[in-house]
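**Student:** I have a structure I would like to understand better, so I am pasting it below and will then ask my questions one at a time.
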Amino acid sequence: MVEIPCLVCEKPLKFPSYINPDNYDGQLVCNECGSLLHIKLVASEPRKYRLVKKGFKIQPIQIITAVPRPNDSEETKNENAT
Ligand SMILES: [Zn+2]
């Protein structure tokens, strides 16, 4: 298995199983710091290796709480009234 350190955090990158280390040219996200790298592998050797975006992270889906919950808004109203 190929082990290439991340350009940002220097932790070894984990290659998903769908990546063929003998012939791969594409992007990879570091599991540790979430940076997006572009890597070209030929015969398990990195031929092209560059940072695309530092600290790129796939954020978990966040529930937008711009609309206050009924209980919260009532409490706020009461506080404002007094
Ligand atoms: Zn990293």
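**Student:** Does residue 8 fit the bill of being within 12 Å of the ligand (Cβ to nearest atom), out of contact with any helix residue (DSSP H, G or I) (no Cβ under 7 Å at 6 or more places or on another chain) and not in a strand (DSSP E or B)?
**Tutor:** The answer is yes for residue 8.
**Student:** For the range 11-58, give me each residue that is surrounded by fewer than 14 Cβ atoms within 10 Å (Cβ to Cβ), more than 19 Å from the chain's Cα centre (by Cα) and either touching a residue at least 60 places away in the same chain (Cβ under 8 Å) or not in a strand (DSSP E or B) (or both).
**Tutor:** 20, 22, 43
No lab work stands behind these numbers, since they all come straight from the coordinates. Remember, predicted model here, so these are calculated numbers, not experimental data. All Cβ positions, even for glycine, are placed from backbone atoms using ideal geometry, and neighbour counts span all protein chains on display.
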